[in-house]
Structures are given as C-alpha cells and as structure tokens.
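These notes concern the structure reproduced below.
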Amino acid sequence: MIDRNTLEFLRKVSPAESERFQAFLSSHEERRLEADGRTIPYYACGAGRKTLLTFAGGWGGIELAYETVLGFEPRNRVVVVDVSAFDDPETMGRGVNRVLDAEGVGRVVVVGQSLSGIIGQSYFKRHYRLVDGLVLTNTPAPRKERSKKWALLLLKLLPLGWLKPLIRRKMTRLGELKADLAPEVLERRRFAMALIGCMVDTYWTKKNMLNIFKLAFAFNERDGYSMDSFPGWRGKALIVTSPDDPYHQDVGLLLKNLPNAEKYEFPPGFGHMAPQIHRDLFHRVIQEFVDRLH
C-alpha cells in the first residue's frame, strides 16, 4: 500500500501527476483473495465487452498499473493481479483463475509488458483456452540460455539491502532515453520512475522478490513453446516492439511461435520506454486490436 510519506514525496516530484495518481487510488479499491494460504491483491474495475488481464508483482504492486487501468477501463473490464505470492507458474495460473472466478470473468485478453509479459506468456501457455487475445510489449521470448542457476542462488544469499540497489540500476538502464521529450511527457516519466523507486523501497521483500525471479527462471527453463503448443486456438496475438528495445531481438521468435500473430513497431528513439512516451498511441493500438477480436 502507498503510505502518506510516499504520497508526499511524489507530490514534490510532480504535483499534477501526483494529484492524478491519488485520485486513482481514491476511486479504485484494492481487493484481496485468500487461496491456498496465499494472499492475492488485485484490482477489478471498468466495464465492457472484453476483460483485459494483466499482472503486477514485478517492480511493484498493483498500483503501478494505474496508467493501464485508466487507459482501458472506460471501454473494458480490467483485472490486475499481483502474482508475487507465487514461485511456480502452475500454482500462479491457478491463483489467477481463482481471481477471475471470484469476479465472474470467463474469457480474457492477456496484456503484458516487459516483466509482466513474461508472466503473461506463462499464463497463456497453460490457459490459452480461456484467452481471446494476447498482447506482448517489449518483452522477451523464453530462452534456456538465459537461465542462470548461479544467479538464482546468488539472489537467495544476498541480503535485501544489497539486492535493491541492483534492481534500481537495472531499472535505470531500461529507463534511459536518448531523445528529447516534451515537458509534460518528461514530467510524467519522472513521476513514473519516482513511483517505481518508492515501490522498490516499500513493496519489495526478500520473499516476493525471490518468487518473481523464480517465475522468470521457470519461464526460461520450462515455458518454451511453438505454434503446435496451442491446438485449436483461434485468438490473435499482438507483439508491440521498439527497434531499439533490448528485447527487440526476440520479436521474430514471438511472431514465429504464436498463432495468428501480428506486429506493431514504434519509431526508434525511446527504447524500452516507448510505450510510456507514446502512451495515448500505445493505448489506441491495443484498444483497436481488442475491438477486432471476436
């Protein structure tokens, strides 16, 4: 949860964005579901013909998905599930489905970006029959060569106080921009990075951090798939990418291995952050894709 000190700090970063974020928190209630001894925080909001399912628990809690919720809830139902209580893709998928059942959701469009795109692929591989569409943005495909058992062991041994600076450096590298921004976009980016930093400071525990890394490790070790992995699936997939994104090299694999897949590519210049910089365009591209789904 976001505490008063965090809100005050964010207000100093950007009064306008902070006011928008606080209005979101005031109008969206966090829900919790208890399943198999785990607590699953989530949002379920909006109304519409389709339900968009996305995931938190990576860099922070469900509050980090506020831009996604605000962008899509006027025309869709939106469910955001925090999966940090899970360290195995099978139990994670069952937990997510418990949330969907509790909210009366039958079918979904899975939406994932970066780390949540990894979670989205893990869920889709196991539960594709419940999925009408899959949207993956600036995210990798599963590759066994990325699995480093020594890294997982190191994460278990390192104190939390050492891990958080490493995560901050990773986020800083992904957030680096080589192009100029309009003042209002720059302010929005500063606020977003400040919010992520606050999440790392207040949200992360050693347990949920290890859980997420175990899910990512299992993704590369066990979640390889091909076109034949989804027999009878008649949905569609959209791969959103940027030519200067670190994961752009995997776009070909995603297009090859996902049925009925198409691509949308941002212009170069903003790398991993292109969806945030081109926020309104990003939301429009996804909404148009969702509207085309049967």
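The values are calculated or read from the model by the stated rules, or taken from the named source; none is laboratory data. Since this is a predicted model, take the numbers as computed values, not measurements. Neighbour counts are summed over all protein chains in view; Cβ atoms, including those assigned to glycine, are modelled from backbone coordinates with ideal geometry.
Which one of the conditions (1) of a type outside the set (A, V, I, L, M, F, W, C); (2) free of Cβ contacts under 8 Å to residues at least 24 places away in the same chain; (3) buried (at least 17 other Cβ atoms within 10 Å of the Cβ) does Gly104 fail to meet, given that it meets all the rest?
Going through the list (1) of a type outside the set (A, V, I, L, M, F, W, C); (2) free of Cβ contacts under 8 Å to residues at least 24 places away in the same chain; (3) buried (at least 17 other Cβ atoms within 10 Å of the Cβ), Gly104 breaks only (3).
Among the residues of the stretch 129-152, write down those that are out of contact with any Pro (no Cβ under 9 Å at 6 or more places or on another chain) and of a type in the set (Ser, Thr, Tyr).
Listed by number, the residues that qualify are Thr139, Ser147.
Kindly provide the set of residues from the stretch 1-45 that are farther than 26 Å from Pro74 by Cβ and touching a strand residue (DSSP E or B) at 6+ places or on another chain (Cβ under 9 Å), ordered by number.
Once the filter is applied, which keeps residues that are farther than 26 Å from Pro74 by Cβ and touching a strand residue (DSSP E or B) at 6+ places or on another chain (Cβ under 9 Å), the stretch 1-45 yields Glu34, Thr39.
Of the numbered conditions (1) modelled with pLDDT of 95 or more; (2) more than 30 Å from Leu186 (Cα to Cα), Arg284 satisfies every one except a single condition; which is it?
All conditions are met except number (2).
Residues being within 21 Å of Asp291 (Cβ to Cβ) and out of contact with any helix residue (DSSP H, G or I) (no Cβ under 6 Å at 6 or more places or on another chain): count how many of those fall in the stretch 66-99.
So the count comes out to 11.
Output the number of residues of the stretch 86-101 satisfying the condition of being assigned to a loop (DSSP other than H, G, I, E, B) and surrounded by 20 or more Cβ atoms within 10 Å (Cβ to Cβ).
Matching residues across the stretch 86-101 total 1.
Among (1) closer than 27 Å to Gly37 by Cβ; (2) touching a Ser or Thr at 6+ places or on another chain (Cβ under 9 Å); (3) at pLDDT 95 or above; (4) surrounded by 18 or more Cβ atoms within 10 Å (Cβ to Cβ), where does Phe124 come up short?
Phe124 satisfies all of (1) closer than 27 Å to Gly37 by Cβ; (2) touching a Ser or Thr at 6+ places or on another chain (Cβ under 9 Å); (3) at pLDDT 95 or above; (4) surrounded by 18 or more Cβ atoms within 10 Å (Cβ to Cβ) except (2).
Would you list the strands (runs of 3 or more DSSP E) that sit entirely within the stretch 8-71 and hold 2 or more residues that are over 13 Å from the mean Cα position of the chain (by Cα), without any contact (Cβ under 8 Å) to a residue 12 or more places away in the chain and surrounded by fewer than 18 Cβ atoms within 10 Å (Cβ to Cβ)?
So the answer is 31-35.
Are any residues in the stretch 26-61 aliphatic (A, V, I, L, M) and modelled with pLDDT of 95 or more, and if so, which ones?
Once the filter is applied, which keeps residues that are aliphatic (A, V, I, L, M) and modelled with pLDDT of 95 or more, the stretch 26-61 yields Leu33, Ile40, Ala44, Leu52, Leu53.
Taking the stretch 229-252, which residues are over 20 Å from the mean Cα position of the chain (by Cα) and hydrophobic (A, V, I, L, M, F, W, C)?
Listed by number, the residues that qualify are Phe230, Trp233.
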